[in-house]
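Everything on this sheet refers to the single structure shown next.
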Amino acid sequence: MQYIQSVQLKSARRWDLVDMERRFNTALEASKIIDELRLQLRTINYNKDLRVMVKNIEHLNSLLSSAEVQARQAHKPGLVDRPRDDLSNAIDYLEKLILIAKLSQ
């Protein structure tokens, strides 16, 4: 099995490290994932809270986009790491909640 880039966490289990692999590198790629999440939410009966979470994730995506612009202007690619990780964690959490909502229907 080939690993892309695993993140070393202190109290992480094996399955947590696999989930932490990056599925996107830019805000544009993340927006495609957000659109897919929005489509999945249409199949769930009551999802007002989940829709609010999608709006928050869209806000995180706009912050990532701004950080990408600032990183390119300042020639500091490290400025993007924190917003990208925050967005990745939020997307992962929402995907888990959507799965739980689908299973509970």
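Every residue in region 67-97 that is exposed (fewer than 14 other Cβ atoms within 10 Å of the Cβ) and either more than 16 Å from I33 (Cβ to Cβ) or aliphatic (A, V, I, L, M) (or both), please. Hits for region 67-97 are V69, Q70, R72, Q73, A74, H75, K76, P77, G78, D81, R82. Do we find that L50 is among the hydrophobic types (A, V, I, L, M, F, W, C), within 29 Å of Q105 (Cα to Cα) and either surrounded by 14 or more Cβ atoms within 10 Å (Cβ to Cβ) or at pLDDT 95 or above (or both) in this structure? In short, yes. Q40 fulfils the conditions (1) exposed (fewer than 15 other Cβ atoms within 10 Å of the Cβ); (2) among the polar types (S, T, N, Q); (3) at pLDDT below 95 except for a single criterion, (1). Scanning region 66-90 for residues that are of a type in the set (S, T, N, Q) and either under 17 Å from R23 (Cβ atoms) or at pLDDT below 95 (or both) yields S88, N89.
The values are calculated or read from the model by the stated rules, or taken from the named source; none is laboratory data. Keep in mind it's a predicted model, so treat the numbers as computed, not measured. Neighbour counts are summed over all protein chains in view; Cβ atoms, including those assigned to glycine, are modelled from backbone coordinates with ideal geometry.
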